[in-house]
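The values are calculated or read from the model by the stated rules, or taken from the named source; none is laboratory data. None of the values given here were measured: they were computed from a predicted structure. A quick note on method: Cβ atoms are made from the backbone with ideal geometry, for glycine too, and the neighbour counts reach across all protein chains shown.
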Amino acid sequence: MDFVHDQLATGRKLRVLTIVDIFSRFSPALVPRFSFRGSDVVGILERVCNEVGFPATIRVDQGTEFVSRDLDVWAYQRCVTLDFSRPGKPTDNAFIEAFNGRFREECLNAHWFLTLADAEEKVETWRRYYNEERPHGAIGNKPPILLQNHAGATSPPP
């Protein structure tokens, strides 16, 4: 998980929570909002995990939303390990950084967002394309949806 920053055409700042499974390359959620708190991240994770299954580990940076008490309690209650990268070391979470670069290039830089609703629509359209159509070299030039375990979890067994 990570955040990407952008803005509306009006200049109002926008943040997008990016969530990607490292094994399948599937992105269960890309959520644009003006601001996030730890409780917002927890709400999104709860919805996503109920749809695709709970991961064993979530790799995050030291952002305030990720070091929040809300996320810590949520992870503890669900036996999910939060794997924190070292401060100032984005290479510790290189996969999400690479994903964010693709997301910025293929979606954020390609669109003007007039409103938050417009951003939500365009980001979701790109997420569906990324998951369902876009071939990924790292997984045999297949779209991530084909590696999705339809019984639940997207990660390989521990």
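Of all the residues that make up the range 22-40, how many are among the hydroxyl-bearing types (Ser, Thr, Tyr) and either within 14 Å of Trp126 (Cβ to Cβ) or in contact with a His (Cβ under 8 Å, 6 or more places away or on another chain) (or both)? Steps first, please.
Residues of the range 22-40 among the hydroxyl-bearing types (Ser, Thr, Tyr): 24, 27, 35, 39.
Adding the requirement that they be either within 14 Å of Trp126 (Cβ to Cβ) or in contact with a His (Cβ under 8 Å, 6 or more places away or on another chain) (or both) leaves 27.
The qualifying residues number 1.
Could we say that Arg15 is crowded, with 16+ Cβ neighbours inside 10 Å and within 30 Å of Pro135 (Cβ to Cβ) here? If you could, list the steps in order and put the result at the bottom.
Working: crowded, with 16+ Cβ neighbours inside 10 Å: yes; within 30 Å of Pro135 (Cβ to Cβ): yes.
So Arg15 fits the description; yes.
Residue by residue through the range 46-56, note down the ones that are under 17 Å from Tyr76 (Cα atoms) and touching a residue at least 40 places away in the same chain (Cβ under 8 Å).
Selection gives Gly53, Phe54, Pro55, Ala56.
Quick check: is even one residue across the range 22-37 surrounded by fewer than 15 Cβ atoms within 10 Å (Cβ to Cβ), touching a helix residue (DSSP H, G or I) at 6+ places or on another chain (Cβ under 9 Å) and either aliphatic (A, V, I, L, M) or more than 27 Å from Glu105 (Cβ to Cβ) (or both)?
Scanning the range 22-37, I find at least one residue that is surrounded by fewer than 15 Cβ atoms within 10 Å (Cβ to Cβ), touching a helix residue (DSSP H, G or I) at 6+ places or on another chain (Cβ under 9 Å) and either aliphatic (A, V, I, L, M) or more than 27 Å from Glu105 (Cβ to Cβ) (or both), so the answer is yes.
How many residues does the range 51-77 contain that are loosely packed, with under 14 Cβ neighbours inside 10 Å, at pLDDT 95 or above and either over 27 Å from Gly137 (Cβ atoms) or touching a Gly at 6+ places or on another chain (Cβ under 6 Å) (or both)?
4
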